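Asks: First the structure, which I've put down as structure tokens, then a few questions once you've had a look.
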Amino acid sequence: MSANDAFRIAVLAGDGIGPEVMAPALEILRKIEKTSDLKFRFTEAPAGANHYLATGKSMPDSTVRLCDEADAILLGACGLPSVRYPDNTEIMPQVELRFHFDLYAGVRPARLIPGVPSPIVGADRRGIDLIVIRESTEGLFASMGKGIVTDTEARETLVITRKTSERLFEFSFRLGVDKANVFKAFAFFREMFDAAAARHPDVKADRLYVDACSALLVKRPWDFDVMVMENMFGDILSDMTAGLIGGMGMAPSADIGDRHAVFQPCHGTAPDIMGQGKANPTGMILSAAMMLDWLADKHGLESATEASERIERAVDKVYADGIKPMEFGGRNGTADIVKAVLAAL
């Protein structure tokens, strides 16, 4: 693909505040389009709890086809606590997309932006800049919809395969977090991590048990760089790291496979603030920047890398200048934040 071709972007705004944070991200990308040689073709498609209420499906086949044909997928947030499948589980098309497109690498960056408060003493001086890489298709989540519940017990199955783990560790092998002292499955996981580390001797590798890692993350988060782990552990620790950098509204993410990728903020649909203009769009905006970086790497386009960096610099500037989302006690709502980022661009 050349810079003159338009990237086809599937846009799944979702539920709750999903559409409210998606609109600013698209506005930012349209500004990038006007000030670079990049072009985008956005196509919106339904997915989520509201679509399930209307049709009985979390997303239509046309949405899946659109995602398959797209160069990248932007996702707002999907699901509502009050809307459930008959087995009482939530509507989660974002998880279904991971399975459908084999998006095995969940990439969750956590970077403390200047001017954003962290609960960790000294974080403003030392900085936090790490990535949690969560295996996204196996682990305990492989049991989704397949668990067994009786009157006396419930059972779920944890799955770790060699094929997925080897690809995951080739994607990111720097720091492994596991529970290999208790579970054989994690010992198997660690064995493949060690093999990947041996193939990359130029990168320092280390290993931690997840409970010890949790304690260290809230003491010395600046010591961490890249952490790779099983699905459920990654789900938990990526929420913890988001809390270290100001909250879920500050945290972008991506689910990446060999061919497809979905980019979305780490937060949920937050129905309690839906429609009030309070949602923090920063995580969604930074997810769009991650998308540009991934497209740059995939297609060898330096202009997409530059655009990604421009968005990150603009976000850094508005927080350094004092903008403060309602998420952490400020008065700036969605409109204030996007206006400031657009101006900084």
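Each reported figure results from applying straightforward, stated rules to the coordinates on display, with no laboratory input. Quick caveat: nothing in here was measured; it's all calculated off a predicted structure. Neighbour counts run over all protein chains shown; Cβ positions are idealised from the backbone, glycine included.
Asks: Would you please classify the overall shape of the chain from the alpha carbon gyration tensor, given that a ≥ b ≥ c denote the square roots of the eigenvalues, rounded means a/c under 1.5, and beyond that prolate means a/b larger than b/c while oblate covers the rest? Could you put the intermediate results ahead of the total?
Replies: Details: a/c = 1.35, a/b = 1.16, b/c = 1.16.
Taking the square roots of the gyration eigenvalues as a ≥ b ≥ c, the chain is rounded.
Asks: Amide H of residue 158: which non-local residues (sequence gap of 5 or more, or other chain) have their own amide H closer than 5 Å, using H built in the peptide plane?
Replies: Result for residue 158 returns nothing.
Asks: If you don't mind, another one. Using θ = phi - 60° and the Karplus relation 6.51 cos²θ - 1.76 cosθ + 1.60, list the HN-Hα couplings for segment 53-70 in order, rounded to whole Hz, with x at every Gly or Pro.
Replies: 4, 7, 10, x, 10, 5, 7, x, 4, 5, 5, 4, 5, 4, 5, 5, 8, 6
Asks: Using helices alone, what [θ] at 222 nm do you get for the chain, with -39,500 (n - 2.57) per DSSP H run of 4 or more residues, divided over all residues and rounded to the nearest 500? Could the numbers behind the result be given before it?
Replies: Working: 12 runs with 141 residues, N = 345.
Taking each H run of at least 4 residues, the total per residue is -12500 deg cm²/dmol.
Asks: Ordered by residue, what ³J(HN,Hα) values in Hz, to whole numbers, does segment 227-242 give under the Karplus form 6.51 cos²θ - 1.76 cosθ + 1.60, where θ = phi - 60° and Gly and Pro are x?
Replies: 10, 10, 7, 4, 4, 5, 4, x, 4, 6, 5, 5, 5, 5, 5, 4
Asks: Using amide H atoms built in the peptide plane, which far-off residues or other-chain residues are under 5 Å from residue 13 H to H?
Replies: 45, 76
Asks: Another question about this same structure. Between residue 258 and residue 198, what length in nm is gained on full extension when 0.36 nm per residue of separation is reduced by their alpha carbon distance? Don't skip to the answer; put the middle values down first.
Replies: Numbers: separation 60, 0.36 × 60 = 21.60 nm, distance 2.25 nm.
So the chain would gain 19.4 nm between residue 258 and residue 198.
Asks: What spacing in nm lies between the two simple spin-label points modelled at residue 220 and residue 102, each 7 Å away from Cα in the Cβ direction?
Replies: 4.0
Asks: For the residue pair residue 88 and residue 211, what label-to-label distance in nm results when each label sits 7 Å from Cα along the Cα-to-beta-carbon direction?
Replies: Label at residue 88, label at residue 211, 2.8 nm between them.
Asks: On a C-alpha basis, how far is the centre of segment 297-345 from the centre of segment 36-95 in Å? Whole number, if you could?
Replies: What the calculation gives is 25 Å, centre to centre.
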